[in-house]
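Report on one structure; see the data block that follows.
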Amino acid sequence: MKLASLKHGRDGRLVVVSNDLAWYADAGHIVPTLQAALDDWERHEGALRNLATDLDHAAIPRERFHEHDAASPLPRAYQWADGSAYVNHVALVRRARGAEMPETFWHDPLMYQGGSDGFLGPRDPIPLADESWGCDLEAEVVVVTGDVPLGASREEALAAVRLVGLTNDVSLRNLIPGELAKGFGFLQSKPASAFSPVFVTPDALGDWWRDGKLHRRLMVDLNGKPFGRAEAGEDMTFDFGTLVAHAAKTRKLGAGTIVGSGTVSNRDAGGGPGKPIADGGVGYSCLAEVRTVETIAGGAAVTPFLKRGDTVRIWAEDDRHHPIFGVIEQMVE
């Protein structure tokens, strides 16, 4: 089942979307918003699935689904917690600035709590007031949970995953060092994120969702050229069950909590830093990583951060090369 929110008020209007992303059916007669559905999932899930089946069989009135009309599936959320599951990415960034990586990073996930009072739609522009802030894209996988009990095990956490999607978790890299130096985490350096047009139930992903990971290639284009083709299911040190359980260690999580994977990152076949696509590698899911590789190899970063007019495109494909979650496509303004 694929769910989306059309732009409408603060919390959108819930619709069920066909598997091919061509059509939608309004779900308002069942439940008005995705958050309301998540709040009472056991009550609403069956009716939403029946609506999805009728839609895919063209048995009910339907309308064309246009991704430009979509908000984030959750236009705002009670919680947005982003992990750093691809420790290869963390190791590279720390290596570039000469910082030793603690051994604990390999068995205790990094995670920050981001602002969730408003997200960007999948085709909304990225607002950038000052290019000197170092605007970066971050292509990631996310899950949305139901209620998760305090102290949940990995297995309990995985059972609470209701939906899977993608995000562009925008970062302002040049603001990060000053904030971290205060010893109190991110705020100004982490503006609003954008999410894929649709979120998908794990069962609808079939074998692509297993062991708490999405086993698909995460596609990233920058200004119309291939930039990243990393495999999301590879080099993921912490699966989503582990990430969600980490977030729930000292507090229960409310339905509608979004948990991110962090920037998807693959090692090179030889075990070293990833290579650009032009050099036969799978590329990168953020600019910071390619700048890190450039710094390690040549002593200085060459690739610039995002400028006004740059366009970012993020998606994942099925076996027929059709987007699974729709496409995040944003221009910097």
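The values are calculated or read from the model by the stated rules, or taken from the named source; none is laboratory data. As the structure is a computational prediction, the values presented were derived from the model and not from experiment. Cβ placement follows ideal geometry from the backbone for every residue including glycine, while neighbour counts extend to all protein chains displayed. Each accessible area value is taken on the protein alone, full model and side chains, heavy atoms only, with ligands, DNA and RNA left out. Shrake-Rupley method; radii C 1.70, N 1.55, O 1.52, S 1.80 Å.
At a glance:
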| quantity | calculated |
| --- | --- |
| Per-residue [θ]222 nm for the chain (sum of -39500 (n - 2.57) over DSSP H runs n ≥ 4, rounded to 500) | -5500 deg cm²/dmol |
| Separation of the Arg251 and Asp318 label points, Cα + 7 Å toward Cβ, nm | 3.8 nm |
| Distance (nanometres) between label positions extended 7 Å along Cα→Cβ at Ile277 and Asn19 | 2.8 nm |
| Kirkwood Rh in Å, taken over region 290-329 so that all alpha-carbon pairs contribute | 12.7 Å |
| Taking N as its residue count, the alpha carbon Rg of region 46-116 over 2.2 N^0.38 Å | 1.89 |
| Cross-link partners of Lys252 among lysines (Cα-Cα below 23 Å; sequence separation of 8 or more within a chain) | Lys213 |
| Integer Hz, Karplus 6.51/-1.76/1.60 couplings in order for region 197-202, x for Gly and Pro | x, 10, 10, 10, 5, x |
| Built amide H within the under 5 Å cut-off of Asp268, gap 5+ | Gly274 |
| For region 215-297, diffusion coefficient by Stokes-Einstein and Kirkwood Rh (Cα), 25 °C, 0.890 mPa s, µm²/s | 171 µm²/s |
| Region 47-159 - percent of accessible surface contributed by carbon and sulfur, probe 1.4 Å | 49 percent |
| Isotropic mean projected area of the C-alpha convex hull, region 255-333 (nm²) | 7.9 nm² |
| Accessible surface, 1.4 Å probe, highest first, among residues Phe65, Phe105, Phe184 | Phe184, Phe105, Phe65 |
| Value of D in µm² per second that Stokes-Einstein yields for region 147-285, Kirkwood Rh from Cα pairs, at 4 °C (1.567 mPa s) | 77 µm²/s |
| Packing-based ranking, highest mean first, of 107-120, 165-178, 239-252 given that Cβ atoms within 10 Å are counted | 165-178, 239-252, 107-120 |
| Estimated vicinal HN-Hα couplings, Hz - region 67-79 in sequence order (Karplus 6.51, -1.76, 1.60; Gly, Pro = x) | 5, 5, 8, 8, 8, 4, x, 10, x, 8, 9, 5, 7 |
| Set of lysines with alpha-carbon distance to Lys275 below 17 Å, sequence-local pairs under 8 removed | Lys225 |
| Computed magnitude of the charge dipole of the chain (debye, nearest 20; Cβ of K, R +1, Cβ of D, E -1) | 480 debye |
| For region 87-175, the fraction of alpha-carbon pairs in successive 10 Å shells from zero, as % | 12, 34, 34, 19, 1 |
| Sequence-separation-based contact order of the chain, relative, with Cα cut under 8 Å and 6+ spacing, percent | 22 percent |
| All lysines inside 24 Å of Lys182 as judged from Cα atoms, apart from same-chain residues fewer than 8 positions distant | Lys190 |
| Cα-only radius of gyration and Dmax that characterise region 1-152, units Å | 19.3, 61 |
| Charge dipole (the chain, unit charges on Cβ, about Cα centre) - positive-most of Gly298, Pro75, Ala36 | Gly298 |
| Convex hull per residue volume in Å³, alpha carbons only, for the chain | 133 Å³ |
| Euclidean distance between Cα centres, region 79-157 to region 212-271, Å | 9 Å |
| Near-label residues of region 282-301 by backbone N, under 15 Å of a point 7 Å along Cα→Cβ of Leu180 | 287-293 |
| Ala297 versus Ala159: modelled label distance in nm, points set 7 Å from Cα along the beta carbon direction | 4.7 nm |
